[in-house]
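For reference, the structure is listed below as structure tokens.
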């Protein structure tokens with residue numbers, strides 16, 4: 001199993017419950033074993049996994065689907081048909097902790113288990129500092145996005161956004177640097193960097209290229225949340241809170257809390 | 001070599017003259033000093049052998065989009081219809097005129113081509129007048145060209161670069177590699193390492209090995225980190241003493257980058273080194289080492305995972321628990337991070353008992 005695929009444990013993409021006795025008519029369930037939850041956001045690249053369909057091929061007159069375990073993590077619709085629809089409403093605390101069962105004409109299926117995964121934390125990959133002709137410096141802090149089992153998210157497009165929870169706070173007397181707008185984007189893969197730049201030369205104090213060693217003069221800061229599942233500022237699942245700190249010659253994420261639900 | 005230094009100096013000299021021609025305040029003089037190096041990078045190493053002209057007025061500052069996907073030269077090379085080394089002559093609204101010096105991939109239909117510019121996620125476009133570099137272009141509906149990726153329209157490249165035989169990726173990597181292997185200032189070499197780190201081919205690996213011996217600690221450490229993350233055992237051997245006995249002169253962020261890279265190690269032959277890294281005083285190093293062991297999914301890693309159950313850091317203990325659960329298929333003993341934090345002793349006890357009785 002490839003870690004980059006981000007599938008935890010021995011979960012398969014699809015499976016079928018096995019009848020215990022060939023002569024019996026115990027119904028079987030087929031469908032995906034993994035769902036995703038983004039705190040109410042529904043990224044289009046995950047549309048097949050925020051809502052899934054489980055099926056039974058056993059034909060009957062009456063169908064009744066139910067959640068046997070983990071009822072706080074999924075909701076059901078079309079419960080009295082051969083194909084039930086599950087929507088994620090929470091995340092798993094154990095692998096395979098959501099159990100689904102179907103009763104077809106009085107015959108009860110085995111439990112079908114599902115894991116509801118969710119973006120949960122950021123993992124720092126690297127930090128770089130470089131000079132910028134326009135802003136003095138540019139710091140790039142790169143993260144990978146992990147689920148609640150610290151697995152990397154799958155190699156799918158994923159929207160993310162940053163939300164600035166406070167206004168700018170001056171650390172340097174007389175400084176006139178500006179707070180930038182918070183924003184969101186859709187990434188092709190679950191890896192991204194936060195670019196922190198200095199300021200244009202008309203501002204005080206003048207931003208500097210990264211010094212060696214890096215300087216310790218703080219200019220300003222504000223609070224930042226990073227959310228996954230939506231490109232809309234403030235929407236999706238929060239995976240990190242930190243202080244967005246601008247020094248005179250570099251930027252930093254400080255007081256990092258991740259996960260930060 | 002001398003010629004290269006002279007070429008590097010031309011745009012810097014002109015930039016200096018540009019600033020001198022203005023009556024500068026003290027603030028602006030300071031600004032000009034740092035801009036000389038920065039501009040050298042942002043005009044793609046400033047190695048242009050053509051004089052700047054009247055269209056070279058500085059563009060309005062482009063504020064970066066803040067959350068971005070990292071540069072991926074493999075993807076750019078694969079998806080581009082043509083790749084050229086050239087220089088932007090002028091920008092005319094939504095398009096730019098680009099002088100083509102070298103073709104790296106595909107066929108350019110003229111020495112000067114118009115390219116359609118595209119806005120990035122923030123509505124800005126990143127091509128500037130006089131920009132020099134290796135441009136990644138796509139044919140557009142009109143039979144012309146457009147920028148492939150508005151976030152990364154080009155990467156640094158010397159205009160006198162040698163285009164080697166080989167795949168387009170080999171060519172692109174070799175061109176960027178010239179910036180690393182030929183005399184250049186440290187900022188240029190650091191940027192070259194950043195680009196090369198995104199290419200996982202043999203040529204890039206070889207260039208990063210050269211970078212890992214550089215005098216500049218940033219070039220050296222970033223090259224080493226890139227090599228470790230691509231599972232280079234030799235680089236891991238070099239990294240081990242650095243991670244176990246961090247030299248005081250190395251900045252913390254460079255050590256953190258090297259620690260994080262350890263998670264990319266996949267070769268089972270690295271297990272003894274990873275096991276030794278579990279005794280590092282840095283929890284970042286230990287977390288990365290145990291995560292690498294976890295992701296190997298092999299029984300040879302069990303001993304090190306069991307040792308990590310007693311680590312003072314909870315993240316390390318969690319990775320050990322989840323690694324053992326994955327390896328043995330005991331999903332009921334594989335909690336999510338939050339659940340583990342609520343009652344971790346239960347899981348630690350289970351796995352220690354399992355270890356004693358296995």
Report summary line: Contact order relative to length for chain A, counting C-alpha pairs under 8 Å separated by 6 or more residues, stands in percent at 18 percent
Query raised in the report: Extent of chain A along each principal axis, from alpha carbon coordinates, in Å, largest to smallest?
Result: 81, 32, 24
**Report entry** Principal axis dimensions, the range A:185-261 - Cα atoms, whole angstrom, descending
**Finding:** 37, 23, 21
Query - Convex hull of Cα atoms in the range B:210-358, direction-averaged projection (nm²) - result: 8.6 nm²
Query raised in the report: Which peptide among B:89-96, B:288-295 comes first, and what is the full order, when sorted by highest mean count of other Cβ atoms within 10 Å?
Result: B:288-295, B:89-96
Report task. Using only atoms on other chains, find how many Cβ atoms lie within 10 Å of each Cβ of peptide B:323-336 and report the average. Result -> 5
Report task. Could you rank the peptides B:325-334, A:214-223 by their average count of other C-beta atoms within 10 Å per residue, with the highest value first? Result -> B:325-334, A:214-223
Query raised in the report: Could you give P(r) for the range A:126-194, binned at 5 Å from zero, as whole percent values over all Cα-Cα pairs?
Result: 3, 12, 15, 20, 21, 13, 8, 5, 2, 0
Query raised in the report: How high is the relative contact order of the range A:46-102, in percent, with contacts defined as C-alpha pairs under 8 Å that are six or more residues apart?
Result: 41 percent
Report task. For n ≥ 4 DSSP H runs only, could you compute -39500 (n - 2.57) per run for chain A, divide by its residues and tell me the 222 nm figure to the nearest 500? Result -> 0 deg cm²/dmol
Query raised in the report: What is the Cα radius of gyration of the range B:61-130 over 2.2 N^0.38 Å, N being its residue count?
Result: 1.19
Query - Isotropically averaged projected area of the range A:88-149, using the convex hull of Cα atoms (one quarter of hull area), nm² - result: 6.8 nm²
Query - Shielding score for B:234-244, defined as the mean number of other chain Cβ atoms within 10 Å - result: 0
Report task. Please state, as a whole number in µm²/s, the translational diffusion coefficient that the Stokes-Einstein equation yields for the range B:138-252 at 20 °C and 1.002 mPa s, with Rh defined as the Kirkwood radius across alpha carbon pairs. Result -> 139 µm²/s
**Report entry** Cα-based equivalent ellipsoid, the range B:124-191: semi-axes from gyration tensor eigenvalues, Å
**Finding:** 24, 16, 9
Report summary line: With the 8 Å Cα cutoff and a minimum separation of six or more residues, the range B:225-358 has a relative contact order in percent of 18 percent
Report summary line: Short to long, in 5 Å steps from zero, the percent of alpha-carbon pairs of the range B:299-339 per bin is 6, 27, 33, 25, 9, 1
Report summary line: In Å³ per residue, the alpha-carbon convex hull of the protein assembly as shown encloses 178 Å³
Requested in this report: Calculate the mean, over all residues of peptide B:248-255, of how many other protein chain Cβ atoms lie within 10 angstrom of the residue's Cβ.
Outcome: 3
Query - Expected-Rg normalisation [2.2 N^0.38 Å, Cα atoms] applied to the range A:133-246 - result: 1.18
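Any read-out appearing in this document is the output of simple, stated calculations on the displayed coordinates, not a laboratory observation. These numbers were taken from a predicted model, which means no experiment stands behind them. Don't worry about glycine lacking a Cβ; one is built from the backbone with ideal geometry, like all the others, and counts go over all protein chains shown.
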